[in-house]
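Engineer: Quick one: the structure is below, questions incoming.
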Protein chains: 2
Amino acid sequence: MTTETAYAELVARLKRSHVLGTVNGLLGWDEQVNLPPDSADLRAEQLAVMAELQHAAASDPRLGELLAELEGRDGSPAFAEASAGRPGKGTAGPAVPPYQLTADQQVVLQRARRDYDRVVKLPPEFVREKARHNSQTFHAWADCKARSDFAGYAPFLQKQLELAKQEAAYLGYAAAPYDYLIDRHDPGMTAAVIERLFAELKTDLVPLMREIVSSPVKARTDFLRGFPVAPQREFLRAVTERLGFNYRRGRIDVSLHPFCEGSGADIRMTTRFDENNPLNSLFGSIHETGHGLYEQGLPLEHQGTPLGQAVGMGVHESQSRLWENQVARGRAFWRFFEPRFRETFPAQLRAVSSDELYLTVNAVRPTLIRVDADEVTYNLHIILRFELEKRLLAGMLVVADLPAAWNALAQELLGLTPPNDREGVLQDVHWSGGMFGYFPSYCIGNMMAAQLWHQVRKEFPGLEEDFACGDFSRLLGWLRRQIHAQGRRHDTQELVRVVTGEPLTPRHLLHYLRERYLPLYRA
Amino acid sequence: MTTETAYAELVARLKRSHVLGTVNGLLGWDEQVNLPPDSADLRAEQLAVMAELQHAAASDPRLGELLAELEGRDGSPAFAEASAGRPGKGTAGPAVPPYQLTADQQVVLQRARRDYDRVVKLPPEFVREKARHNSQTFHAWADCKARSDFAGYAPFLQKQLELAKQEAAYLGYAAAPYDYLIDRHDPGMTAAVIERLFAELKTDLVPLMREIVSSPVKARTDFLRGFPVAPQREFLRAVTERLGFNYRRGRIDVSLHPFCEGSGADIRMTTRFDENNPLNSLFGSIHETGHGLYEQGLPLEHQGTPLGQAVGMGVHESQSRLWENQVARGRAFWRFFEPRFRETFPAQLRAVSSDELYLTVNAVRPTLIRVDADEVTYNLHIILRFELEKRLLAGMLVVADLPAAWNALAQELLGLTPPNDREGVLQDVHWSGGMFGYFPSYCIGNMMAAQLWHQVRKEFPGLEEDFACGDFSRLLGWLRRQIHAQGRRHDTQELVRVVTGEPLTPRHLLHYLRERYLPLYRA
């Protein structure tokens, strides 16, 4: 078998596995957007069977053979070694493959090896059980949240926690399950690195938040009522289209919890509407559009291979946050969109000045609900969740004590205590999908977004003037080249260093927050 | 392995294959309801991979082993014999299995054997190619129909025709591909049987249609404008819910061509709205509700096995037609729903009398478009398509000559010639999915619906008085017991005989049409 043939077969198999993943993704999207209330059992079965098939495709021994062959090893004994270590390390084979793979192909090979080694360690029955439990837990969460019934939800969460530890153990992380769960969302990242970054951030963020919150300047919210859904929908469509989202390869629908699913070939975003809070849906949609733009910017020809995949959730969040916050909460963005917003809602906005509207867009007010949080306090919501996940996974906190621990931290960090679990520990969907280690990505994304924002404005000093003319193409082009086109060439921290020339740091985020918010809130 | 174990494994494998089928079904539904315009390539890939996996599950040699074991045969040599003939026939094994299977289990075994023998004869590459071509052809059809471009569509149709013949050849029907295609939709039915039934129907139907059409009594259509979509949607929801559709296990959306997809656990119906034709959407939705009620009536505990599956498309259509026509075009139905319809659209219906409205509901007027046809002329649309399919499959008509042949038959049967192919040969979606042999099912369904209607009114003489009170439960209960609960116990013609005591005949349809329409159209 020639290198070309083996490589082509590897890519074909990776793409097939990707296609199965997209089917799974669509089932998940449909579950949250369309599923009739009593059809959950069938959906759980569908997801279980599909997860099993996807796992079978991703762990096919033939993939192992191809990887070994392309790495310049031969036969199955060498493959066994390969699956125990990283390519190029140890004594199992030469560091540089003897075949003439291009640099791109070597990236594919190395990332595919990492994925393969990871997936073959999970037994198919475990994958099936996990998929079924995810679906059941999602529905239990939705029910229990509606009733604010943590006790009813606890056994489902407990099982998710056990499954997460079990998964970490299969992957050789029995002693550090949280590191595994974090790395799964942000390759290369560890709990220790995050702990250091978050500690540095928290030190300056808490006083900054207090300074802003104690300011006599208060954003108006009295005019935020009576915004009908239909024009909200049209306005957010016009905004997200102008930012660059391609609706010929995507759509936006309504779900309980906003999310973005799919790949660049077919991306499904969701939002939710509130007639008394049009900014929530607008900024939520811009956030999801940031995710969508990243997926649509990944090279279509590499879909399904590591060159056509996102790095991880932290980088994904850097994209959604940059569009939502640095761009869409800025003066220049509103210079262009404010007249259009007023045209859509003339009566509702008649008695609001431009400065008042801009302050409302940048309102800072501690809230119990993460997804409603402003970008200053948002990071404190994440620090709270990181702290709790860390303790849960280390066995230092039991599920039954979670609501009390949540409430204590909410009081400490945000100065608020949830009146019930619906507005506290039950508010987020993530844990119901077993997605421990996901939350830190939001804050990593916030730090990275500010760092990218600093860099792109250094490279294009007049960039924000584009926005005032409704032109976002220069920014999008830069992100396409620097981030999107890279696929999974680099791990999270490596990518930050390559693009900005320095390691990931909370410094730029703190600087950005001070620069944007202190002038607004100085009386 | 005990009989119980083998039977349990058989059922588990059938159910797994069914779950894969439901995933495929959902992809198809989403394609027509939600798919962004440029995402068709990915969907084609998804459908191709899923079709391949479903085929692999349905043709797994282990299924063959289990079937052979349960049939009282052993080992693989006997399995080869089993796959060549029907169980209980020939000399391959005893007619009665030596194991103690219940009568129900024997039905499962026999139908599963038929399906298995059929599926193992199709090579996986063929199944994959067919699925990919179906998806491509659907999009080509939608484009070409919009432009009325038959020449652009012809190569896609030609390929579908070749694939259909190829499939028939794989199944041993090289000499009679149309019989195979018909049997695939209506088990046990042949082109010769249909030809005889249609000839008998046509003989009396054409003069009946002429008598009605030449009547001086004309239905009003002038008031059919300005019916907003939102209340149309609410009204049809109220109607279909009262007929018995369970929206906790189903939903209705909008698509270009109305259809019903899914199983009783999650059924997806579609409709389309026209502000100037509210009856179209209403009756279309009632039609799809008939399909939905059948699926929801199939025993949920047998989902995925032949005891939880529909017989075929003819029986399916008998259910949709009976609700749409015999029930919803009747006086009693309108006695209950007319006040509600008027309440929903007071201004639009102010100047229309009850008799006028009822006549409009039962308007007979030859049209070029099958899905817009009344129930008198509808059957002529089917006879036209049957005639053309028969010739195409026999090689007596080439694709290039299809538009001319269509137009000639339309003139002969309906007295109308399509002004363009969009309103002629390009109007239907079916052939773009390779579904030759499907159309006759509509007319088989019409005949069967009238025959069931005759029977149920014989059993419940005051049945229509229920409808006038908005109660459809006695009819639904009867259909549940007589048809739905039977699953695939009987073939189409056998089921008709079992339920009505006589073979399928067009006599009841002709009688019903005369009884309903002649009094209305006698001046």
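Just so you know, all these numbers are worked out from the coordinates, no wet-lab data involved. Remember, it's a predicted structure, so these values are computed and weren't measured experimentally. Here the Cβ positions follow ideal geometry from the backbone for every residue, glycine too, while neighbour counts run over all protein chains shown.
Engineer: Given the DSSP H assignment, sum -39500 (n - 2.57) over each helix run of at least 4 residues in the protein assembly as shown and divide by its residue total; what's the result at 222 nm in deg cm²/dmol, nearest 500?
Structural biologist: Value at 222 nm, helices only, nearest 500: -20000 deg cm²/dmol.
Engineer: In debye, nearest 20: dipole of the stretch B:230-331 around its Cα centre with unit charges on the Cβ of K, R (+) and D, E (-)?
Structural biologist: 240
Engineer: Taking the Cβ of each residue in B:V498, A:V213 as the centre, tally the other Cβ atoms inside 10 Å and list the residues starting with the fewest.
Structural biologist: B:V498, A:V213
Engineer: Still on this model: If you take all C-alpha pairs in the stretch B:338-390, what percent of them are over 17 Å apart?
Structural biologist: Values: 723 of 1378 pairs.
The proportion of pairs with Cα distances above 17 Å equals 52 percent.
Engineer: So, by mean Cβ neighbours within 10 angstrom, what's the order for A:214-222, A:141-149, A:260-268, B:371-379 with the highest one leading?
Structural biologist: A:260-268, B:371-379, A:141-149, A:214-222
Engineer: For the protein assembly as shown, give the share of DSSP beta bridges that are antiparallel, in percent and rounded to the nearest 5; count only bridges with both residues there.
Structural biologist: 45
Engineer: While we're on this one: Give, in nm to one decimal, the length gained when the segment between B:A103 and B:R474 is fully stretched (0.36 nm per residue of separation minus the Cα-Cα distance). Mind dumping the intermediate values first?
Structural biologist: Details: separation 371, 0.36 × 371 = 133.56 nm, distance 2.80 nm.
Going from the current span to full extension adds 130.8 nm.
Engineer: Quote to one decimal, in nm, the extra length available between A:R233 and A:A146 on full extension: 0.36 nm per residue of separation minus the C-alpha distance between them.
Structural biologist: 28.7 nm
Engineer: Viscosity 1.306 mPa s, temperature 10 °C: Stokes-Einstein D of chain B from its Kirkwood Cα radius, in µm² per second?
Structural biologist: 65
Engineer: For helix B:3-33, report the angle its Cα long axis makes with the longest principal axis of the Cα atoms of chain B; keep it between 0 and 90° and round to the nearest 10°.
Structural biologist: On a 0 to 90 degree scale, this one is about 40.
Engineer: Which FRET efficiency value, to the nearest 0.05, do you get for B:R457 and A:E195 by plugging their Cβ-Cβ distance into 1/(1 + (r/R0)^6) with R0 = 51 Å?
Structural biologist: Details: r = 77 Å, r/R0 = 1.51.
The formula returns an efficiency of 0.10 here.
Engineer: Pulled fully out, how much extra length does the chain show between A:V371 and A:T203, if you take 0.36 nm times their separation in residues and subtract their Cα-Cα distance?
Structural biologist: Gain on extension, A:V371 to A:T203, equals 58.2 nm.
Engineer: Right, next: If we hang a label 7 Å off Cα along the beta carbon direction at B:R242, how far is it from the matching labels on the other copies, in nm, shortest first?
Structural biologist: 4.8
Engineer: What nm distances, shortest first, do you get from the label point of B:D143 to those in the other copies when the point sits 7 angstrom along Cα to Cβ?
Structural biologist: List, nearest first: 4.7 nm.
Engineer: Okay, moving on. Step through the table entries B:K121/B:K159; A:K202/A:K390; A:K145/A:K218; A:K121/A:K390; B:K130/B:K165, compare each Cα-Cα distance with 22 Å, and write down the pairs that go over it.
Structural biologist: Details: B:K121/B:K159 20 Å; A:K202/A:K390 17 Å; A:K145/A:K218 32 Å; A:K121/A:K390 24 Å; B:K130/B:K165 12 Å.
Too far apart for the 22 Å limit: A:K145/A:K218; A:K121/A:K390.
Engineer: What's the FRET efficiency of A:V254 with B:Q136 using the Cβ-Cβ distance as r and R₀ = 45 Å, to the nearest 0.05? Display every interim value, and only then the final one.
Structural biologist: On the way: r = 31 Å, r/R0 = 0.69.
The pair A:V254/B:Q136 has a calculated efficiency of 0.90.
Engineer: With label points built 7 Å along Cα→Cβ from the Cα atoms of B:E162 and B:R514, find their separation and express it in nm.
Structural biologist: 5.0
Engineer: On to the next question. How far apart, in nanometres, would the label points at B:A169 and B:T3 be if each is projected 7 angstrom from Cα along the Cα-to-Cβ direction?
Structural biologist: Going by the 7 Å Cα→Cβ label model, 4.3 nm.
Engineer: May I ask for the net charge around A:A363, where only other residues with Cβ less than 14 Å from the Cβ of A:A363 are counted and Lys, Arg are +1 while Asp, Glu are -1?
Structural biologist: Here the charged neighbours net out to -1.
Engineer: To continue, here is another question. Among DSSP beta bridges lying fully in the stretch B:191-521, give the percent that are antiparallel, nearest 5.
Structural biologist: For the stretch B:191-521, the DSSP antiparallel bridge percentage is about 45.
Engineer: Inter-copy label distances at B:R114, 7 Å along the Cα→beta-carbon direction, one decimal in nm, shortest first?
Structural biologist: 5.4
Engineer: To continue, here is another question. What is the helix-to-structure angle for B:191-213, meaning the angle in degrees between its Cα long axis and the longest Cα principal axis of chain B, kept from 0 to 90 and rounded to the nearest 10?
Structural biologist: Helix B:191-213 sits roughly 10 degrees off the main axis of chain B.
Engineer: Right, here's the next one. Please determine, in degrees from 0 to 90 and to the nearest 10, the orientation of helix A:402-414 with respect to the longest principal axis defined by the Cα atoms of chain A, where the helix direction is its Cα long axis.
Structural biologist: Once rounded, one gets 50 degrees.
Engineer: If you don't mind, another one. Sort A:K458, A:K15, A:K130 so the one with the fewest other Cβ atoms within 10 Å of its own Cβ comes first. Before the final figure, lay out each step's value.
Structural biologist: Details: A:K458 11, A:K15 17, A:K130 23.
With the fewest neighbours first, A:K458, A:K15, A:K130 line up as A:K458, A:K15, A:K130.
Engineer: What is the mean number of Cβ atoms from other protein chains located within 10 Å of the Cβ atom of each residue in peptide A:40-48, rounded to a whole number? Please list the in-between numbers first.
Structural biologist: Details: counts 2, 3, 12, 5, 0, 9, 7, 2, 2.
Taking all residues of A:40-48 together, the mean is 5.
Engineer: Also: Could you line up B:F273, A:F436 from fewest to most neighbouring Cβ atoms inside 10 Å?
Structural biologist: Fewest to most other Cβ atoms nearby, the residues stand as B:F273, A:F436.
Engineer: Tell me, what is the FRET efficiency for B:A347 and B:E241 to the nearest 0.05, using R0 = 25 angstrom and their Cβ-Cβ distance as r?
Structural biologist: Working: r = 25 Å, r/R0 = 1.00.
Calculated transfer efficiency: 0.50.
Engineer: Under 10 Å from the Cβ of B:R225, count the other residues' Cβ atoms, weight Lys and Arg +1, Asp and Glu -1, and hand me the total.
Structural biologist: Numbers: positive: none; negative: B:D222, B:D274, B:E275.
In short, -3.
Engineer: So if I take the alpha carbon set of the protein assembly as shown, get Rg, then get Rh from the Kirkwood formula, what is the Rg over Rh ratio?
Structural biologist: 0.99
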